Amino acid sequence: MKFESSYSGVTSWDNLPYPDAGKFLYETYRLIFRDIAEQFGDFKIKGELIWINGMEEDGKVTPVGASYLTNKFGQFGGIVVFEIFKIQDKDLIRFSEEDEQTIMEMIQDMNNDEFSFYLSKDILLNQNVNFNLDTNELLKIISKPEFNKSRFDKEKDAKILEEISKIQNNVVSQLSTIVDRSKGAFSAEGDLIEGIVLKINSSGNQYGIFSNGYKDMKHGYWEAFENVKPVYMEFLKKVFGYSQLRFIKVHWDELDKEAAQQTLETIKSEYVTKLENIINNIKELKIPSSVKNTQVSMATRILNKLKAINSVEEFGKNLNEE
């Protein structure tokens, strides 16, 4: 049973930014998921994890920016399942509609007081979405021959581009207002949600729209943490000449190991201190405790990665094993 987050890539539970949640899921569901895999083949679940255990504050948990009511989930949390794929020859493919429905029902049946499973298809915001647009006028405009182009010239088509921009800005502005006024399925009245997904019935296409208010709130919560990765990457670049592991690996044989070791010994304590200062700043922030705990946990893992680099030679061995 493997896991993947936006920060980790595919890995084991203990290498996740939130190992407590990974350990719980691994120990609780590994055998159950194995039974499903033996019946239908290896599979991957894509969803949103809401981890509550030890993170609740005033009846809510705030993993990133949006807050969720903890009474909507189990004691430890829950997952909203978006999609499920079959893993075949390292590719993700769709199950048959019948198999997908069966697996989804099996997953939903695992709901209990400890952990909740929701299916995204069951979470609907049943409200009308009305736009202040004259559709007849809009169709008349975009039906003009000059709009029927795959590419526009900035100078020659300046007026057309300006008209298109006005239409886009009008739609986006109205959508953003709708998002900011929408109540999430797991949110309290008045709480900002991250965004909504619109499905166009005529085409089946889906479009995600973020809340502008949420973007501003998230930036405020995560502004200090956003400095962590650049500091670590700056350290790697000074020592190894490249800030990303894949480039260090490619150019490893060209590296002056002796000079790199000297640089490592000279600057390591400086960068350890930089990361420790950022972590201390995060701890002092007046933000929801669950957001703070998440950031401190993730930043500490990066700090520990840096602390563990004592030898260029050893770093190279570990790099080749990955």
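The values are calculated or read from the model by the stated rules, or taken from the named source; none is laboratory data. None of these values were measured; they are calculated from a predicted model. Cβ placement follows ideal geometry from the backbone for every residue including glycine, while neighbour counts extend to all protein chains displayed.
If you check every pair at least six apart or on different chains, which have Cβ atoms under 8 Å apart with a residue in the stretch 150-174 that is of a type in the set (D, E, K, R) first and a residue that is modelled with pLDDT under 85 second?
As it stands, the answer is 157/146; 157/149; 163/141, since those pairs meet every condition given.
Since residue 159 meets every condition but one in (1) within 30 Å of residue 146 (Cβ to Cβ); (2) buried (at least 16 other Cβ atoms within 10 Å of the Cβ); (3) at pLDDT 85 or above, which condition does it not meet?
It is condition (2) that residue 159 fails.
When you check residue 178 against the structure, is it farther than 30 Å from residue 119 by Cβ, in a helix (DSSP H, G or I) and among the β-branched types (Val, Ile, Thr), yes or no?
no
Out of curiosity, is residue 115 free of Cβ contacts under 8 Å to residues at least 60 places away in the same chain, on the phi < 0 side of the Ramachandran plot and in contact with a helix residue (DSSP H, G or I) (Cβ under 9 Å, 6 or more places away or on another chain)? Please lay out each step first, then the result.
On the way: free of Cβ contacts under 8 Å to residues at least 60 places away in the same chain: no; on the phi < 0 side of the Ramachandran plot: yes; in contact with a helix residue (DSSP H, G or I) (Cβ under 9 Å, 6 or more places away or on another chain): yes.
Taking the combined requirement at face value, the residue does not satisfy it.
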